[in-house]
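Take a look at the structure below.
The values are calculated or read from the model by the stated rules, or taken from the named source; none is laboratory data. Everything numeric in this text was worked out from a predicted model, so none of it was measured. As a convention, Cβ positions derive from the backbone with ideal geometry for all residues, glycine included, and neighbour counts pool all protein chains shown. Protein only, heavy atoms only, side chains kept; ligands, DNA and RNA dropped before computing areas. Shrake-Rupley method; radii C 1.70, N 1.55, O 1.52, S 1.80 Å.
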Amino acid sequence: MTVFGHMMDSAEQQYTAILQSFIKSNDEGDLMRAQDFGRALVSSDTPPEEVGGFHDAAMSHIVANTGISNLIEFQERASAVLLEVLMAYGLAYRKQMEHLQTQSNALKESEQRYRQVFERNQVAQILIDPKNYQIVEANQAAADYFGYALSELQNETLDSLSIDPVEHLHKSISSVLSNESALFYFSHLHRAGAIFDAEFHATSIDIRGDALIFAIIQDITERRKAEEQVQYLATHDSLTSLPNRTLFVDRIEMMLAEAERSTTPAALISFNIDDFKSINDALGADAADLVLQKIATRLKAGVRATDTVARLGSDEFGITWGDLRDIDDLSGIVNKITRATDQPIDVNGHPVRITASMGVSIYPYDATTSSALLQHAEQALHTAKAMGGRKCEFFVGDMGAKAEDRRRLEDDLYLAIEREELELHYQGQVDIRTGLLMGAEALVRWNNPDRGYVSPVTFIPVAESNGLIIPIGKWVLEQACRQISEWSTMATPPVVSVNMSPVQMHENDIVEMVKKTMEEYRISPRLLNLELTETAIMRDTEQGGRILDQFRKLGVELALDDFGTGFSSLSYLNRYPFSKLKIDREFINDITPKERAVPLVDATISMGHSLGMSVVAEGVENMQQVQYLKEKGCDIVQGYVFCRPVPAQEFSTAMLNWDKDRINAV
């Protein structure tokens, strides 16, 4: 064997030892040894193509003789050693070229050797002009990496390839020039359109008086993806893909920071599936997992994009709700979540019904830190579960008094029907042309022995949020139909209007319930008028349209209540079978002695008549308003100017004593 051959064996063993040591210990000292090794190769006139051979042989030896537990980490560390050798090798060649400048033959030989190292190397390398970021030279490996032909790549600039902010590239190049070498990251588009991430090991060099930057490029796209995946798994639940508790706490911090900045309250909801263990035991783990996934989907669909739903434990979820302008909105939010979870879940063709409990804490009333707010929400959740489940409890703190009052109001409201505390009052509707008292609106009132009369403005939203509006609405319809039956013996019985809640409209049996109630009391459908708001229809226009058609087939009249306060398209008004249009009281309030022209009222009356509807104005308080509405052609008026809401007996007396000439007073 030749002396050169012995030297090669020794160098290969030396490189293998350096590489194996760094892979095992990640010691920076090994990188310095790699630099020394690269410089020694230049001194020993080792051909450039042998450098890659050392690396390949060493990698093969290590893989064959050592157990590799983490391939990505192994490849990264091996690449780091190779890069140090190549950098040192290249820099040594540069110094050698400078040393041999006076010896032209030696210089040509050195330049050729350097070019061979540069061009034949399998690692992407480029020379950059820092003045305009142009790639002045590149090897074939670099051209392949960027997806260009070699001649094309040498006409490109780094800023044209980059998808990073230009400022990032400029700062990175400046750092190389200032420090002679630097490591920076570079994201760019491949010629085919894919996004790649690269690591640039760059150093400034001088070639014939020109300052250039020599960069070795390492593709770290897969490494970045792996890092992102590791980060995702560390912050997300693998089953539901929701944020986990760690990320949820960060989101709470962000919500609280925004709440403090805007001085707006924010809420935290702790959600737990009741008796989830029984689902797991009865259906098995796979079915239970499917339930969790579908609940996660429903919860996420029920919040705004700015809010967060997270899985905090086996069957526990957390929900942030920032920008809480009105504390009372929480009841609607909780009710929305309850309705979403109350719907049966299809598990392999079998409907599974679940219930859930919730606990709520509110910033800044209950706590001002993320940990305390979460702790208080979970405490409230435990209270709700201790009360039997399917409940929502508010944390009792500074804000707790109001939440507790609302809870007690709900408890009292649950018993109101059983204790016969609800009453039905009737407010007359007057034909503005004839002065006849031709109808009445049935209005529910709650007379609680401890609270006295509770305003509908207070208890109706509560009933709609917790579902009590369903039995209350049924009671109202029954009482109204009973009264219609009694009044039907009169010469001219009044048409009674009954309000239908948006919540009732989502009941599958709503039409059948109305039909059976009318049949039970044997009333004529023409004496019953159902009033619905735009909200009740617009939640589901197709289902709403079908229900309205079925109501009309029963023969009842339909009125669109509170017209103008919603956001529905006027095209729907023409599609639905309404016979009456009620102008909301807030527009009637605009009719004053000083304001004689109210365009919205005028337009509504005109539009209603053009669609073949009669127009009702509610909330009419004075004779000036009556006069205005009469001049504009309104058909019916309702309000305190003629009749306050009164019990049925008083309304019967009012009908008997009604003076139709009262309308002529205007």
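Results for (1) of a type in the set (Val, Ile, Thr); (2) over 30 Å from LEU656 (Cβ atoms); (3) in contact with a Leu (Cβ under 8 Å, 6 or more places away or on another chain); (4) assigned to a helix (DSSP H, G or I), shown as yes or no for each residue.
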site: SER485; (1), (2), (3), (4): no, no, no, yes
site: THR492; (1), (2), (3), (4): yes, no, yes, no
site: GLU512; (1), (2), (3), (4): no, yes, no, yes
site: LYS515; (1), (2), (3), (4): no, yes, yes, yes
site: GLU520; (1), (2), (3), (4): no, no, no, yes
site: ILE523; (1), (2), (3), (4): yes, no, no, no
site: ASN529; (1), (2), (3), (4): no, no, yes, no
site: LEU548; (1), (2), (3), (4): no, yes, yes, yes
site: ARG552; (1), (2), (3), (4): no, yes, yes, yes
The residue from PHE587, PHE651 that alone is aromatic (Phe, Trp, Tyr), part of a helix (DSSP H, G or I), open to solvent by less than 20 Å² (accessible area, probe 1.4 Å) and closer than 27 Å to HIS425 by Cβ is PHE651
Among the numbered criteria (1) farther than 23 Å from GLY389 by Cα; (2) surrounded by fewer than 20 Cβ atoms within 10 Å (Cβ to Cβ), which single criterion is violated by ARG339?
(1)
Matching residues, the stretch 494-509, being part of a helix (DSSP H, G or I) and crowded, with 19+ Cβ neighbours inside 10 Å
GLN504, MET505
Which of (1) at pLDDT 85 or above; (2) touching a Phe, Trp or Tyr at 6+ places or on another chain (Cβ under 9 Å); (3) acidic (Asp, Glu); (4) open to solvent by 40 Å² or more (accessible area, probe 1.4 Å) does ASP346 not meet, given it meets every other one?
(2)
From (1) touching a residue at least 40 places away in the same chain (Cβ under 8 Å); (2) in contact with a Leu (Cβ under 7 Å, 6 or more places away or on another chain); (3) open to solvent by less than 20 Å² (accessible area, probe 1.4 Å), pick out the condition that doesn't hold for ALA367.
(1)
Counted residues in the stretch 165-182 being open to solvent by 40 Å² or more (accessible area, probe 1.4 Å), of a type outside the set (Ser, Thr, Tyr) and either assigned to a loop (DSSP other than H, G, I, E, B) or under 18 Å from LEU212 (Cβ atoms) (or both) come to 5
Quick one: count up the residues across the stretch 461-484 that are touching a strand residue (DSSP E or B) at 6+ places or on another chain (Cβ under 6 Å) and within 16 Å of LEU415 (Cα to Cα).
1
Identify all residues within the stretch 150-164 that are open to solvent by 60 Å² or more (accessible area, probe 1.4 Å) and closer than 14 Å to ASP197 by Cα; write none if there are none.
ILE163
Can you give me the number of residues within the stretch 247-281 that are under 22 Å from ILE327 (Cα atoms), in a loop (DSSP other than H, G, I, E, B) and touching a residue at least 12 places away in the same chain (Cβ under 8 Å)?
2
Restricting attention to the stretch 282-304, report how many residues are without any contact (Cβ under 8 Å) to a residue 24 or more places away in the chain and either among the aliphatic types (A, V, I, L, M) or open to solvent by less than 60 Å² (accessible area, probe 1.4 Å) (or both).
5
Condition first: among the acidic types (Asp, Glu), open to solvent by less than 20 Å² (accessible area, probe 1.4 Å), touching a Pro at 6+ places or on another chain (Cβ under 9 Å) and not in a loop (DSSP other than H, G, I, E, B). Can you find one or more residues in the stretch 450-471 that meet it?
no
Which listed residue is open to solvent by less than 10 Å² (accessible area, probe 1.4 Å), under 15 Å from LEU530 (Cβ atoms) and either among the aliphatic types (A, V, I, L, M) or modelled with pLDDT of 95 or more (or both), from VAL514, VAL430:
VAL514
Of the conditions (1) open to solvent by 30 Å² or more (accessible area, probe 1.4 Å); (2) at pLDDT below 75; (3) closer than 24 Å to ILE207 by Cα; (4) out of contact with any Asp or Glu (no Cβ under 9 Å at 6 or more places or on another chain), ASP36 satisfies every one except a single condition; which number is it?
(2)
When you go through ILE319, ILE345 one by one, which is the residue that is closer than 20 Å to ASP250 by Cβ and of a type in the set (A, V, I, L, M, F, W, C)?
ILE319
